[in-house]
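**Q** I'd like to ask some things about the structure below.
Nothing in this text is a laboratory measurement; each read-out follows from the coordinates by a stated rule. Keep in mind that what you see is a predicted model, and the values were worked out from it rather than measured. We place every Cβ from the backbone using ideal geometry, glycine too, and count neighbours over all the protein chains shown.
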Amino acid sequence: MSHHAFGVDLETLRDMKAWLESRGATNFITDFGREPREPIVHNWIPAACISVRDPDGNHIEFSACLPGRPIPAEHMPPPEQQPMYLSEWERLRASVPS
């Protein structure tokens, strides 16, 4: 099995889970202990992604770069609460001074 990553724009990524489900995808990957209900953010990049296994068991990842810089570490939650869902990250990003 292998890992394939595809870059998409952020708006496409927001709808990716529903789009994949509408085409029969069910084997979404739990990322860092987070259920795949929405994209997960890796703040250090920053990028958001959602992953699924294809019928052959390959890890297929859809990823979008997020605008701006990573949120400074002093504003991030503790490591056990990371990575964050996209909606959580966007709320935090909006509350952190630029």
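**Q** When only residues in region 6-27 that are over 12 Å from the mean Cα position of the chain (by Cα) and hydrophobic (A, V, I, L, M, F, W, C) count, which is farthest from E90 (Cα to Cα)?
**A** Here the answer is A25.
**Q** So P77 passes all but one of these: (1) in contact with a strand residue (DSSP E or B) (Cβ under 9 Å, 6 or more places away or on another chain); (2) closer than 26 Å to A18 by Cβ. Which condition number does it fail?
**A** Of (1) in contact with a strand residue (DSSP E or B) (Cβ under 9 Å, 6 or more places away or on another chain); (2) closer than 26 Å to A18 by Cβ, only one is false for P77: (2).
**Q** Mind counting the residues in region 13-41 that are surrounded by 12 or more Cβ atoms within 10 Å (Cβ to Cβ) and either touching an Asp or Glu at 6+ places or on another chain (Cβ under 6 Å) or in contact (Cβ under 8 Å) with a residue 24 or more places away in the chain (or both)?
**A** 15
**Q** For region 42-63, indicate whether the set of residues that are on the phi > 0 side of the Ramachandran plot, surrounded by fewer than 17 Cβ atoms within 10 Å (Cβ to Cβ) and not polar (S, T, N, Q) is non-empty. Outline the logic, then answer.
**A** To start, the set of residues in region 42-63 that are on the phi > 0 side of the Ramachandran plot comprises 57.
Then keep just the ones that are surrounded by fewer than 17 Cβ atoms within 10 Å (Cβ to Cβ); that gives 57.
Then drop every residue that is not not polar (S, T, N, Q), which leaves 57.
Yes - at least one qualifying residue is present in region 42-63.
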